[in-house]
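Participant: Provided herewith is a single structure, encoded as C-alpha cells, for subsequent inquiry.
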Amino acid sequence: MSFEEADSERARAEAMLRQLRAREIVERTYWAENDIPFSLRVKAVETGLWSAEEAIDGLRRIDFVSRHVFVFHHLRLFPDASLRAVLALVRQPQPGDGPEWFADEAALVAVAVRLARAGQHDAALDAIRALSARRGEALRSCAPYLSEAAMARAISELEAWLPEAEPVVAFLVGCDSLPLVPARDRERARGEIVRLRAALEAKEAEDGPRWGFSARKRAAEAFAVAGMFEASEAECRGLDNVDDLLSVAREHPGESRARIARIALERARTSRYLAAALADTVSVCSALADEAIACARGAANPVTAADALLRVAAHLGEPRASALFHESFRRIEPLGDAASDAIEWIADWAADHGSSLTERERVVLGERVAQAMREAEERGATPPVEAAESRLGRLLFGPTHADRIRTDRGFESVLEFAEHHATGDHLTLVMEFARSLKGERRARLARALLQSGDELYDSPAFAELFSAEEQREHLREVLVRRERPADVEILHTLGRATQLATGAPRGVLLPLYLDEVRERGGRVRLRGLFTAASLAEGDHRAALVDEVLAEVETCDHLSEEDRVEAIAAVMPLVPAARAVELAGRVLHAVAEGQIGRTQASHRLMAIPDPVWAALPASRWEPALRWALEEGAEFFDWTSWRQKTLPREVRALLEVHPSSSPACEGEVEVSSSVAEPDAGGARGELSPEQRLRRWASEAASLSEAERTALAPEIDAAVRAILAEPEAKDGVLCDTMASLPGAALRAIWSARARADAWRRTIDISDPALFAYLPSEHYLHAGAVLQLILRLGGASALCDFGRMLVGLRHESAA
C-alpha cells in the first residue's frame, strides 16, 4: 500500500519506512559509487574487471558533472557496441539528477564523433540534434565520417533549426558550420554572420562584454578556416587584443598572415604585457623580428626591455639569439637587486645556452645562484631531492643512523613499516624505494605493500613492481572495499530523534544513540554523552553524568573549553552541593580567559540560579566582569533578566549599558522593519511569507482559529510544492507548526523516488538533502514528518533501520 492510499497511521508509517529504507540504500550506494576515483574506474575497465556495461551502470549512479567529465576524457574505454548507451548517459538525466542537470555539449560532441567514425550515422545525428551552441562544431567534426545522405539530412535539419535559435547560438553555429557551406552560398553566409556579430556587439555595448568572448575574433577565425581571407582581414581591423589577432593570424597563409601580425605588433606597443606580446608576434611572423626588437629596445623600463629581448631571442636562431642575450644582460647587470627577477630569467636562459656565456656573465650568474640558495635555506625551502633509500632511512632510523636501512634488521623494519604503518607520501616513498631494489628484497617488499591494504594503483611504480595478475587482484580487492555502501554518520539524526521522542519511545531510541556515541572519541563522544544525560532519567541519568565527568578528567583529546562545556551541560542535572563545586571550575575557566568570549556568557548562563546564591562574590565576580568586558554583545539579556539571581549579581549586570531593554527594543524594531511586507494584509503575502507568519502566530492562536486557517496554510504549502524552482527552506523552518494535511502533501511531493535529488552542498535547502557526513541535513524537519504522520513507533522503527543498515554495510 502506498503512502497516499494508507488509511491509518500505522499503514502510513509502514509506507514511509519503506520509502526511507529504499532512499537510504540508494543514497549509500550512490555515495560509495561517487567515491570511486576516475583512475580506478579506468583501470577496472582496462584490466577486464568491469565490462563496459558495468562501467556505464556505475556512471549512472554518480553526480552528472563527474559523469560528463568521465565520458569526455575516457570515451576511448568504451567499445563501439556501447556507444549508444554512452549517448543516453550524457544526453538525458539519470535517476536522482534533480533540476540542476544539463547536457554537457563537449561530451556530446565527443560521443557524436565516435558514433560517426563507428558508422552509426543515425545515432550520431541524434547526438548532433541534442546540441545547441556546439551543433556546428559537431557537424563539421563528423563530416569526414558521415555518408552523403546523412550529411545532406544533417545540413537540412541545421538550416531549418537555425532561424529559431538564440542570436548568440545562431552566430556560433554559423561560424562553426561555415566550411560546410557550398562556395556559391558563402557570401550570403558571411553577410548573416556579420549581421549577427554586429547585433551581439551592440548588445555587449549595452550590457557589458562577455568575459573571454569576442564575436569579432570568432567571425575572423571562421572566415579564415573557410578560406575567406579577405573577409577575415576585414574583421581583424576592428580587433584590439594582441592574442586575438595572433590567434586569427595563425589561420592565414603568407602575406595575409604578415599583415595581421603587423596589426598585432602595433597593438603590442601599448600593451601592458609588452614582452609576451612581442615574443608571440615574432613566433607567428619571424619577418617582424627587427621591428619587435626595436620596440623592445625602446621600452621605458629596462627590466621590461631585457625580458622582451630574451623572449624574442627564444624564437630566433644563432647568432642573433646569443647577441640579444648578451644585450639583455648588459641592460640588467647595473640595476642590482631591482632586477633580481630578470637575473633569474637570464639564469634560466643560460642553463640552456651555457656555451655562449662570457666570463663576466658566468661570475654574476654564479653569484646569483649562490644567493638564491642562501635565501632558500633561510626560508626553510625543501632541500634537493635525496635518493629514496636515504630519505626512508632518515625517516625510520633518524639522520645519524640512516644507513641501517641497508642491514637485514633494518630491512625487516622497512617491511613492518610498509605493511602496517606507511600511508600517503610515506607509502609513495616506500614504493619508490622498492623500485630501486632487485631480487629477493624487491619481491618481499612488493608482497608487504600488497598486504598493507592500501590503494597502490595510482603510483607510477604500480605496473613496474607487480605482475599483471597481482595488479588485477589488488584492483579487485580495492573495488570490493569501494563498492560497499557508504559509511553514513547517523549520530546527529539519532540524537534529534531521541530528543523528539518522549516516554517509552525515548527509552527505545536512547540506547541506540548511546551505542553510536560510545563508538566515537574526543569531543564528539563527550557531547553525545552529556546530550544523552540530559535525555535520560533517574539512576540512568546519574550514571551518565558520572561518565561525562570521568571523561572530562581522563580524555587527553579535549581542550579546556570542551571540558567546561560538558561541565556546564551537566550542572543542572546534579544535586545543588555538587553543582556548586562544578560551577567553581566554570567560573575559574572564564575568569582566566580559557573560554572564548563568544561562549563565556553561555557557560555562565548554565549555572543554576540557586548556585549563584551559594557562591561568594569573590568566586563569581571576576568571571562575570571578564565576560562583560570581553563579550557583552554575546549576552542573551532577555534570558539573563528572567533568571532569579542574587541582588549583587543583578546589580553588576544592570550597570552594563548593553543590558538596557531599550537597546534590545531598537534591535527588534530594525528587524521588524526588515521583514518584507510585515504589515501587509494576509492576502497580499506570498506563500512563503504566509507560512512564516503562520509559524510565528500559531502558538498564540486558539484551536478554532488554527482549524479555520488550516485550508489557507495547506494551499500555501501546495503552492510552494508546485513551483519547479521552489526551495524547501521555509518548509523545513515551519514544519513543527504545519497542520496534518500540509504535512501529508509535503511527504507525497518530496519523498517520491522520482523527486529525490542528489547534493554535494552542505547548505542545500532541499528537505531530503543527504550527505554521509551529516545524514539528512534537515534531520529535524524529516523527523518531524515521521513523528507527526507515522507516530512515535515510526520514529523508533526509523532509528532501528538506520542502525541495521549501518551494521549491514560494515559486515
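The values are calculated or read from the model by the stated rules, or taken from the named source; none is laboratory data. Remember, predicted model here, so these are calculated numbers, not experimental data. Note: ideal-geometry Cβ built from the backbone for every residue, glycine included; neighbour counts use all protein chains shown. Accessible surface is based on the protein model in full, side chains and every heavy atom, while ligands, DNA and RNA are left aside. Shrake-Rupley method; radii C 1.70, N 1.55, O 1.52, S 1.80 Å.
Participant: Mind checking the dipole of the range 175-328: about its Cα centre, +1 per Lys or Arg Cβ, -1 per Asp or Glu Cβ, Debye to the nearest 20?
Facilitator: 140 debye
Participant: In whole Å, what is the distance between the alpha-carbon centres of the range 617-653 and the range 518-580?
Facilitator: The distance from the Cα centre of the range 617-653 to that of the range 518-580 comes to 24 Å.
Participant: Dipole of the chain, Cα-centred, from +1 at each Lys and Arg C-beta and -1 at each Asp and Glu C-beta, to the nearest 20 debye?
Facilitator: Taking the Cα centre of the chain as origin, the dipole is about 1000 debye.
Participant: Work out the charge dipole of the range 459-540 with +1 on the Cβ of Lys and Arg and -1 on the Cβ of Asp and Glu about the Cα centre, then indicate which of Q471, V517, A486 is farthest towards its positive end.
Facilitator: V517
Participant: Moving to a separate point now. Leaving ligands, DNA and RNA out of it, rank L738, L395 by accessible area with a 1.4 Å probe, largest first.
Facilitator: Correct descending sequence by accessible area is L395, L738.
Participant: Let me ask something additional. How would the range 742-797 be classified by its alpha-carbon gyration tensor: rounded, prolate or oblate, with rounded meaning a/c under 1.5 and the a/b versus b/c comparison settling the rest?
Facilitator: Oblate.
Participant: Placing +1 on the Cβ of each Lys and Arg and -1 on the Cβ of each Asp and Glu in the range 1-107, which of Q92, T29, F78 has its Cα farthest towards the positive end of the resulting dipole?
Facilitator: F78
Participant: Which is farthest toward the positive dipole end of the chain among G593, S748, S39, measuring Cα position about the Cα centre, with Cβ charges +1 (Lys, Arg) and -1 (Asp, Glu)?
Facilitator: S39
Participant: Continuing with this model, one more query. If packing is taken as the average number of other Cβ atoms within 10 Å across a peptide's residues, how do 282-292, 399-409, 544-554 rank, most packed first?
Facilitator: 282-292, 544-554, 399-409
Participant: With +1 assigned to the C-beta of every Lys and Arg and -1 to the C-beta of every Asp and Glu, and no other charges, what is the dipole magnitude of the range 446-556 about the Cα centre in debye, to the nearest 20?
Facilitator: Here the size comes out at about 440 debye.
Participant: How far is helix 538-554 tilted off the main Cα axis of the chain, in degrees rounded to 10, range 0 to 90?
Facilitator: 50 degrees
Participant: Given Cα pairs under 8 Å that are at least 6 residues apart, what percent is the relative contact order of the chain?
Facilitator: Once normalised by length, the contact order is 11 percent.
Participant: Would the range 425-574 count as rounded, prolate or oblate if I go by the C-alpha gyration tensor, calling it rounded below 1.5 in a/c and otherwise prolate when a/b exceeds b/c, oblate otherwise?
Facilitator: Verdict is prolate for the range 425-574.
Participant: How would V478, V113 rank on accessible area, largest to smallest, probe 1.4 Å?
Facilitator: Listed by decreasing accessible area, they come as V113, V478.
Participant: Can you give the net charge of the other residues whose Cβ lies under 11 Å from the Cβ of D104, counting K and R as +1 and D and E as -1?
Facilitator: The answer is +2.
Participant: What does the net charge come to around I762 if you take all other residues with beta carbon closer than 13 Å to its beta carbon, with K and R at +1 and D and E at -1?
Facilitator: Once all neighbours under 13 Å are counted, the net charge is -4.
Participant: Run the accessible area of the range 412-455 with a 1.4 Å probe and give the carbon-and-sulfur part as a rounded percent.
Facilitator: Ligands and nucleic acids excluded, carbon and sulfur give 44 percent.
Participant: Right, something else. Heavy atoms only, 1.4 Å probe, whole protein assembly: order H557, H588, H778 by accessible area, highest first.
Facilitator: H557, H588, H778
Participant: If you take the C-alpha gyration tensor of the chain, multiply each eigenvalue by 5 and take the square root, what semi-axes do you get, largest first, in whole Å?
Facilitator: That gives 60, 42, 35 Å for the three semi-axes.
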